[in-house]
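Down below is the structure, laid out as structure tokens.
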Amino acid sequence: MRLFNSKKYRVLSVFIAAIMLFASMTATAFANDYTQEDLEALREIIVDFYVDPLTTDMLPGETPQEIFSNLDEHSVYYTAKEFEGLFQRYTGDYAGIGAYIIEEDGKIIIERPIEGSPAERAGLLPGDEIYSVDGEIIRGLNAAEGAERVKGPVGTKVTLGIIRGNNERVIEFTIVRANITNNPVSYEIIDDIGYIKIEEFNGHAYENFAKAVGQLAEQRVKQAIIDLRDNPGGGLEEVVKIARLLVPPSPIVHIGYRGFDYTYASFSTLKPFDDIVVLVNEYSASASEILAAAVQDTGSGTIIGKNTYGKGTVQQIFGLTNDEGFKITVARYLSPNRNIIDGRGVIPDIEVERLPQDIQIEEFLPISYSNTYSLGDVSSEIAGVQQRLRALGYNITDKAGVLDQGTLDAINTFAKDYELEEMTDLTTEMQSAIEYIFVSKLYSKEYDLQLKAALEYIKEGFKR
């Protein structure tokens, strides 16, 4: 721990899942009004830490947000509530329903529920819009504001109005809030091969990854698949510690700060696995790319999937004493072989698509859940239901978009298979059930060509 002092500010440096700095500005410390002294102190911090040379004259603005608009897209100033959400995401601990949310076109969208969370148990799906919270419409809020509405004390109930698909009909879900400790690591054994999924590199990533490795070692598993698909990144220290478990003595990543470089390295000669495959896709970013590049450049394993996102910068997080905060891009990183990641990503050794060729998601018609359909009805939504049922393996010979007996028979076979009530119409509830199962199956191992390729690759003894 280091303490930096100056006339304008004081910075206490600690490490919490990423580099976290706590800065004390002048007395007003960015309350609701910003004095010129406050803003000048903020500019000086930026000038001292930003990756590229700057002067305070290059940072005009009358608010912190205006000042930060002069920087790159990854440098952001946060209000107290926004910063609390950022902090919780990095640490992995908070009270709520257990779902990641994003803002798209003024709508608060569930990116994905956390496995085993109240949100997942309630049946919330990726892509669902949170239209209202306890009766209050929240369209127009940003993601941090939306999250603030959803959070609350443990044990209290929150009623979410959910819009699914293109439907404007609101479905209500009442969920009991809980303590959410987001363990981003899950593992299992598939055909004697260890499979470890890392959702993100939050403050619980390394400890749970190490536990997973230990459990697999106890069962004498010597080959592993590390799944980094859809992993947006996280803490630098977390990914470095994980990389040290996987790669031989060598550089892990080169971090280029302004004026000096720093190399994180591995020193261990012990390898938990003889063979490693890392799965990546176009949404594997930042810390995920650090790990994938380290495995690839050191020859520790093989990368399978799609080209990664290409975020090759490092942000440092500053928490202010008034609970607001910001993050600044302080460095760029290179792979162990000094390959550029930013804007390029990590190119997989073996490129494989995620889904079978006959399942083209972009061609699937939307379901609005707004109407109940009877025999003889014609609609594009009926065609969308037929597409999903066919993808789930149900045979339908009816004309596309027409609810004839063949489609109704397939619907009722589906209902029987999933212990649902059979019906004479295609109700909105049945449409929702079909969509839920379809999405679940879509991301299951059955349709996962990249995972299948990794398993086959290991079983074949890396003979490619």
Given the chain, what percent of its DSSP beta bridges are antiparallel, to the nearest 5? 75 percent
A student applying the Cα gyration tensor rule (rounded when a/c is under 1.5; otherwise prolate if a/b is larger than b/c, oblate if not) would label the stretch 361-442 rounded
Theoretical FRET efficiency, 1/(1+(r/R0)^6), r = Cβ-Cβ of Val439 and Thr174, R0 22 Å, to 0.05: 0.50
Simple spin-label estimate for Thr56 and Thr156 in nanometres, 7 Å along Cα-Cβ: 4.3 nm
Per 0.36 nm of contour for each residue apart, how much would the distance between Asp323 and Asn412 grow if the chain were fully extended, relative to their Cα-Cα spacing? 26.6 nm
Give, in nm to one decimal, the length gained when the segment between Ser380 and Asp48 is fully stretched (0.36 nm per residue of separation minus the Cα-Cα distance). 113.8 nm
Cβ-derived FRET efficiency at R0 30 Å, Asp105 paired with Asp358, nearest 0.05: 0.45
What does the C-alpha gyration tensor say about the overall shape of the stretch 78-156? Classify as rounded when a/c is under 1.5, otherwise prolate if a/b is larger than b/c, or oblate. rounded
Does the stretch 171-284 classify as rounded, prolate or oblate by the C-alpha gyration tensor (a ≥ b ≥ c root eigenvalues; a/c under 1.5 gives rounded; else a/b over b/c gives prolate, otherwise oblate)? oblate
Once you charge only the Cβ atoms, +1 for Lys and Arg and -1 for Asp and Glu, what is the size of the charge dipole of the stretch 94-181 about its Cα centre, to the nearest 20 debye? 280 debye
In range of the label at Glu73: residues from the stretch 303-338 whose backbone nitrogen is under 14 Å from the point 7 Å along Cα→Cβ: 309-313
What is the spin-label model distance, in nm, from Ala80 to Thr35 if the labels are put 7 Å beyond Cα along the C-beta direction? 2.0 nm
Residue separation times 0.36 nm, minus the C-alpha to C-alpha distance between Ala95 and Arg139: what's the value? 13.6 nm
With +1 assigned to the C-beta of every Lys and Arg and -1 to the C-beta of every Asp and Glu, and no other charges, what is the dipole magnitude of the chain about the Cα centre in debye, to the nearest 20? 1600 debye
Post the alpha-carbon centroid distance, the stretch 401-452 to the stretch 170-230, in whole angstrom. 28 Å
Go through [x] 33, 29, 22; [y] 42, 31, 19; [z] 37, 33, 26 and flag the label whose value is the computed semi-axes √(5λ) of the Cα gyration tensor in Å for this structure. [y]
Given Lys151/Lys416; Lys197/Lys306; Lys241/Lys306, the pairs whose alpha carbons are separated by over 28 Å: Lys151/Lys416
When Glu460, Glu324 are ordered from fewest to most other Cβ atoms inside 10 Å of their Cβ, what list results? Glu460, Glu324
To the nearest 500 deg cm²/dmol, what mean residue ellipticity at 222 nm is calculated for the chain from DSSP H runs of n ≥ 4 alone, each contributing -39,500 (n - 2.57), summed and divided by the residues? -8500 deg cm²/dmol
Over the chain, what is the relative contact order in whole percent, taking alpha-carbon pairs under 8 Å and six or more residues apart? 13 percent
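Where a number appears in this text, it was derived from the coordinates with a stated rule and is not lab data. All of these numbers come straight from a predicted model, not from anything done at the bench. Every residue, glycine among them, receives a Cβ derived from its backbone with ideal geometry; neighbour counts consider all protein chains shown.
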